[in-house]
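The values are calculated or read from the model by the stated rules, or taken from the named source; none is laboratory data. This one's a predicted model, so the numbers in the text were calculated from it and none came from an experiment. No Cβ is skipped: glycine too gets one built from the backbone with ideal geometry, and neighbour counts run over all protein chains shown. For the accessible areas, the whole protein counts, side chains as well, though only heavy atoms, and no ligand, DNA or RNA atoms are used. Shrake-Rupley method; radii C 1.70, N 1.55, O 1.52, S 1.80 Å.
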Amino acid sequence: MYQKIPLKPHPTGWYVVSASHELKEGDILTRKFCGKEIIIFRTQSGKACVSDAHCPHMGAHFAHGGMVEGETIKCPFHHFCFDTQGNCTATGYGTKPSPKMKLSIWHYREKNGFIICWFDESGREPYWEVPDIGNDGFSEIMTMDLDLKSHPQETTENSVDIGHFSIVHGYSNVDVIRPLLTDGHYLSSRYTMSRKADFVGSKKLMRTEFDVHVWGLGYSFVEVDIPEFGMKSRQYVFPSPTSDGRINLKLGMSIRLEQPGKIFALLALLPREFLTKLILPRAFKGYCNDVSQDFKVWENKIYIDPPALAKGDGPVAQYRMWCKQFYAVETVNSNVMMESTSNLSAA
């Protein structure tokens, strides 16, 4: 059956709504998220918070004339103030706030350099978490955002679509080191591929290993190891639903130079911090170019269910069975579904 992305537009899970470096103390950012407008603000102590965009008093938008004051956000209309728990702490009249006056606060976390927000169509509390990854000597994270006509399940499917690595991205010698594994909301796999390292000006064919980590449909990162260059990177892929049929795709990258002399011998003489600042923008540009090769496909493809899979596609069927747990309609049968998933084999 040929359909145009008939999936529910907002799967359950954690989604990135901002990079930490984008939200300075006192900032109020507006985001479209799962069909609503939300705001993200940072208090004087540095605490981030995600809430509804409109004041529950009389509906003013906090980001249009409002301000962060101490540990609260102040409405521009009547100066009602709310803390990061949603409690009204003051009114513009000097009167005692009603305990019934509450600002809706979203479930959110700030970790790994990003602010993530929980969405569940059924209103359930978060029942799993994105783990703390740790810096482990990696650089700052460069990011960029793109507005696309697509769906989180579609973009995340790239992580298991082995066939497209050579066809779309020009990799050769694609091989699976560790088959797809699923554990509840978590999915992982490991591949190796070869391609020329254009981002450092070398035309040498290099072997690269990709360790894929996926938590739900909104939070993925790939640990990339290039042994010949003594370099590792983390490539972040965060598709967040904004409205029906559209996502904000946030891309990010950080790198760790272990033996820069392997790239060019003279680089070993330069300070590691300087080299990182030199190489990171080039590597990130190459990564963004890679991802952009998928845009026309994502924005114009239809969703075929079930797909007519062929040998060489990769474990797409197993991935799609795993995805079902993130839709409210499948909740009752999620345990049965996860048992079935483990019995599927790669195409």
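The figures follow:
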quantity	calculated
Carbon/sulfur fraction of accessible area - the chain, other protein chains in place, 1.4 Å, %	55 percent
Calculated [θ] (222 nm, deg cm²/dmol) that DSSP helices of n ≥ 4 give over the chain, each run adding -39,500 (n - 2.57)	-4500 deg cm²/dmol
Projected label distance in nm at Val176 and Leu205, using a 7 Å step from Cα toward the beta-carbon	2.4 nm
Under Karplus coefficients 6.51, -1.76 and 1.60, residue-wise ³J(HN,Hα) of segment 6-19 in Hz, glycine/proline x	x, 5, 4, x, 10, x, 5, x, 9, 10, 6, 10, 6, 7
Cysteines in the chain lacking a second Cys C-beta under 4.7 Å	Cys34, Cys49, Cys81, Cys88, Cys117, Cys288, Cys323
Degrees separating the helix 272-292 axis from the principal Cα axis of the chain, which is the longest one	90 degrees
Potential extension, Lys47-Asn300 segment - 0.36 nm per residue separation minus Cα distance	87.1 nm
Label corresponding to mean projected area of the Cα convex hull in nm² when calculated from the structure given, among (1) 20.9; (2) 17.1; (3) 19.3	(3)
Per-residue ³J(HN,Hα) for segment 314-319, Karplus 6.51 cos²θ - 1.76 cosθ + 1.60, θ = phi - 60°, Hz, x for Gly and Pro	x, x, 5, 4, 5, 4
